[in-house]
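Input: a single structure, listed below in structure tokens.
The values are calculated or read from the model by the stated rules, or taken from the named source; none is laboratory data. This structure is a prediction, so every number in the text was calculated from the model and none was measured. Cβ coordinates were reconstructed from backbone atoms using ideal geometry, including for glycine residues, and neighbour counts include every protein chain displayed. These area figures cover heavy atoms from the full protein model, side chains too; ligands, DNA and RNA do not enter into them. Shrake-Rupley method; radii C 1.70, N 1.55, O 1.52, S 1.80 Å.
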Amino acid sequence: MAQPKRKEPPDQDQRAAAIGERARNVLVDAGAGTGKTTILVDRLVELLAPGGHGRAMPISRIAAITFTRKAAGELRLRIRERLLGELSKVTPGADREAQLREAVADLDTAYVGTIHSFADRLLRLRPVEAELSPSYEIAEDDQALIRETFDVLLQAVQSGTLGAELEGNDVAGRAGEATQTVLDALDAGLLPETREREWRDEYGLDALAEGFIRFRDIPPPDLAPPAFDAGSFRAAVDEFVVLAKPLQKGSPGSDWLLQTAVVLGQLRDLPDPIEIFREVRQQLDRAPRNSITRRDTFGGDNNAWTVWKGCNEKAQHWQRTLKQELCAPLERWMATRLARLSPVVIALYEKVKARHRQLDQLDLLLKLRNLLATDKQARAEYQKRIDHDFDDGFQD
């Protein structure tokens, strides 16, 4: 019985064009599971052993790159299977048979792997130009390096030796500011280390430092040291005090609103933003929690319920709650100061890596990027080695 003819996808013409195109770059933009990797493999094999009259490309002059090791292993396997499948169908003695056999034989040494291993392979060709030791090592897990960096930061801040740790670095002049920022952040109630909770982690300064390191290729803007916006804070305090003034004691919710108004009134004109920050956080943490209702939490008091909703519920999606208005000047002031820690943390991380004579995965990409951008001779040498670059998962 004859097998039913396989139904071709509606975009078969585009797929065939992507596989056979040689004169231009090809970008396949499609959702998951639509066959992007299949097209990549088919296109690659067509270059290695053309079905028509095109010139065969040695696999040594092709790079096939993906992001994770698992994906790289799967890509190499799919290329091998495709080559062997074509080899089983080719006419013995044909030119295409020799091309396929050569590609299979050289596949293990071809540029098929992760973007990081590809960068490492190119960097080891020009380590001096990339300002690397020829014997550099790659940290398999950078978490230990990040942890050591944070420990160095905390110890140097607490001992007053951050300046010595940064000596000779371009950011050494920020040692005093960075020390005070960390001390103030801890004094204001920020956690030094992240706490794991059942439902949601409480992030600490260690998570901030890790973020600076992992995203150092796109650092935060280097803003000027900020001034505390006391005017906005006082305006929010005054608004809260006016709203709370008519309320009566007698329920957990009303009592908290009245006590908060008293605390804020005492903090309104204090000169020390850190004391304000700490006391505001502590008072807000005393707010009623769990199953907040007008009847049970506020004793049925409509006025108190209205004030509570104004503090905690947005009337419109573009409006901020009164609590956010109250905290925004403090959080903006602290966040800007913390963002200015980024170059200091990165400088300490570089020092830790140098001490261990290691690079991390991101270093490979940054070093190669910088080398390609600044060294025309190195770029030309790399261009002579590779004619076609296949990226599986370009967005990664």
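Looking at region 288-307, can you tell me whether even one residue there is surrounded by fewer than 17 Cβ atoms within 10 Å (Cβ to Cβ), among the charged types (D, E, K, R), at pLDDT 90 or above and under 30 Å from G173 (Cα atoms)?
no
Could you figure out which of (1) open to solvent by 50 Å² or more (accessible area, probe 1.4 Å); (2) in contact with a helix residue (DSSP H, G or I) (Cβ under 6 Å, 6 or more places away or on another chain) isn't true of T68?
Of the numbered conditions (1) open to solvent by 50 Å² or more (accessible area, probe 1.4 Å); (2) in contact with a helix residue (DSSP H, G or I) (Cβ under 6 Å, 6 or more places away or on another chain), the odd one out for T68 is (2).
Examine region 241-257 for a residue that is free of Cβ contacts under 8 Å to residues at least 40 places away in the same chain, surrounded by 16 or more Cβ atoms within 10 Å (Cβ to Cβ) and polar (S, T, N, Q), and state whether such a residue exists.
No: zero hits.
Taking A261 as meeting all but one of (1) farther than 30 Å from P219 by Cβ; (2) surrounded by fewer than 18 Cβ atoms within 10 Å (Cβ to Cβ); (3) free of Cβ contacts under 8 Å to residues at least 24 places away in the same chain, write down the number of the exception.
Result: A261 fails condition (2) only.
So how many residues does region 162-216 have that are more than 26 Å from D141 (Cβ to Cβ), of a type in the set (D, E, K, R) and in contact with a helix residue (DSSP H, G or I) (Cβ under 7 Å, 6 or more places away or on another chain)?
3
For residues that are assigned to a helix (DSSP H, G or I) and among the acidic types (D, E), scanning just region 255-292, find the one that is nearest to A244 (Cα to Cα).
My answer is D255.
Since A207 meets every condition but one in (1) out of contact with any Ser or Thr (no Cβ under 6 Å at 6 or more places or on another chain); (2) small (G, A, S); (3) over 17 Å from K323 (Cα atoms); (4) in a helix (DSSP H, G or I), which condition does it not meet?
(1)
Tell me, please, whether a residue that is crowded, with 16+ Cβ neighbours inside 10 Å and more than 23 Å from L258 (Cα to Cα) can be found in region 320-334.
Yes.
Please return the ranges of helices (runs of 4 or more DSSP H) entirely within region 77-173 where 1 or more residues are closer than 30 Å to D387 by Cα, of a type in the set (A, V, I, L, M) and touching a residue at least 24 places away in the same chain (Cβ under 8 Å).
Hits in region 77-173: 95-106, 115-123.
Let me confirm something: among D95, D151, D142, D106, which residue is at pLDDT below 95 and closer than 30 Å to D187 by Cα?
Just one listed residue meets the conditions, D142.
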